[in-house]
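No lab work stands behind these numbers, since they all come straight from the coordinates. Only a predicted model underlies this, so the values are computations on that prediction, with no experimental measurement involved. Every residue, glycine among them, receives a Cβ derived from its backbone with ideal geometry; neighbour counts consider all protein chains shown.
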Amino acid sequence: MLHHLLSFYAKHQLDRSGTVVVGVSGGKDSMSLLNCFLETEIPIAVAHMNFSLRGEEAVHDADFVKNWCDERKIPVYIKEVKTHLIARELGLSVQMAARQLRYSWFHDLKSEANARYIALAHHADDQLETILINLIKGYSPKLMAGMRGFTDPIIRPFIKATRAEINDYAESRQILYQEDASNADTKYLRNNVRHWVVPILKEMEPEILDGVIRNSQILQDVFAGFADHLERIKGDYLKEVYGVYSFELEKMRSLPGGDALVFNVLREFGFDRSHFLALKGWSDGKWPDAGKYIETDTHRIYFYHPVVWIEPSLNPKKALTIDWSQKEIQWYNQKIRIKPTEYNADQLNPNACFIPIEMTQDASVVLRNPEDGDKIKPFNFKGSKQVSDLLKEAKIPIPLRKRVPVLVAGNKVYWVAGHRLADLNSIAKPGQKGYLAELLKEG
């Protein structure tokens, strides 16, 4: 097994002087990985999580790992979590909650232990089981590639090793380990795949693991190329204004692999296949009523043909008291430039507003989101106008209406940035000193 570890380090050009946190359950696979590291001079620490799922057996496993490491003076970190409780709170399966808890803690430990990598003992048989489960569950095609051997900082040095090789290694080194009784429990899909499906496949095709290792790497390379392609497409088609993202649905769908591109863009915002299918239905002519949206815990999708708008679900409320000594103000992904000037009506437009120096001494000059009841007395316009009506008449999509910057002094709106300027004749005279606030086109 040592050759698997060393060749893995060589292939990925890993730093052998960097400390590795080895995830150890106490079972044969992880104890073999731990022993393998001890045959090198690579510095290690050990992490063991007790998921509180197996009562005294789990406590015994934690004690076994701790005592084993203490005897060898290896730094060891033990953590106990109430997985059932956390799974209910998060609305996840117990297995999914355990996975999230484990990986989150390992990443935290990387900093605490001043480590370079986190090593896990997944091997080729695990890879086959994972791919089969993903196929059975109908997960994303990307998951058909299985687990990556190296996704910094996660390393899986045994990913090309078979369970048989690990068994031989453990026996030859007389490695002590714990048996996990839950590995035989057929209420878990993975155990059914391991004990029933995989043996039949191996009987049908004895070299199946070689094929899985080879094709998994090919698919991972394919999807890595697709990820690069997706980033280029996003740069060309996905736009951001005020923290809201948008793209033209039909244009993206018309590209080679367009539906896959759209689906993967949506996934980055937490949407799944059901959301994609709903959006696809909108694209095919089943348009939603105005203002309707698809929502997850974090984002909403609106569709104003032909554009998809994706906004955070959180309240966009934002207010900035302007520091006039700054040269620029950041408003979401946009910038507003501030510069001293003298009042000149010719330099004013919907993208630029003049504020007299006397007003800048008032702390009530604020840049904020539009609020219900906001009114503006537009330049060259009789009477006042509701800001909400102004934005609606300008056909500004709902997600952006909530985030357009509005400059307010006291309770008066002087500027709806990018759209309308108030009549400034009552507060500014030619040559008067002040500041020009200008919405820049690029963020």
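Structural remarks
- Over segment 23-142, the Kirkwood radius and the radius of gyration, each from Cα atoms, give a ratio Rg/Rh of 0.99.
- Each Lys and Arg contributes +1 and each Asp and Glu -1, all at the Cβ; summed about the Cα centre of segment 319-439, the dipole is approximately 300 debye.
- Stretch gain in nm, segment Arg148-Ser17, where the contour uses 0.36 nm per residue and the Cα spacing is subtracted: 44.9 nm
- Sorting Leu5, Leu255 from the fewest to the most surrounding beta carbons within 10 angstrom yields Leu255, Leu5.
- In loop segments of segment 1-104 as defined by DSSP, the trypsin sites (Lys or Arg not before Pro) with at most 15 further C-beta atoms inside 10 Å of their C-beta are Arg16, Arg54, Arg72, Lys73, Lys82.
- Proximal aspartates and glutamates to Lys375, defined as alpha-carbon separation beneath 17 angstrom and excluding residues fewer than eight positions away on the same chain: Asp389, Glu393, Asp423
- Straight-line reach from Lys66: taking Cα to Cα under 19 Å and skipping same-chain neighbours fewer than 8 places apart, the lysines in range are Lys28, Lys79, Lys110.
- The chain - mean residue ellipticity at 222 nm from DSSP helices (-39,500 (n - 2.57) per run, n ≥ 4, rounded to 500): -11500 deg cm²/dmol
- Of the beta bridges in the chain, as assigned by DSSP with both residues counted there, near 75 percent are antiparallel.
- Compactness index (Cα Rg / 2.2 N^0.38 Å), the chain: 1.33
- Pair Leu440, Asn167: separation of 7 Å Cα→Cβ label points (nm): 6.5 nm
- Spin-label proximity, Ile208 to segment 111-140 - amide N less than 19 Å from point 7 Å beyond Cα toward beta carbon: 123-139
- Viscosity 1.306 mPa s, temperature 10 °C, Stokes-Einstein D of segment 222-360 from Kirkwood C-alpha radius, µm²/s: 89 µm²/s
- Multiplying the residue separation of His305 and Glu39 by 0.36 nm and removing their Cα-Cα distance gives an extension gain of 89.5 nm.
- Proxy reagent accessibility, fewest Cβ within 10 Å first, across His419, His12: His12, His419
- Cβ-Cβ distance of Leu189 and Gln330, R₀ of 41 Å, FRET efficiency by 1/(1 + (r/R0)^6): the value works out to about 0.30.
- The Rg/Rh ratio for segment 158-279, using Cα coordinates for both the radius of gyration and the Kirkwood hydrodynamic radius, is 1.16.
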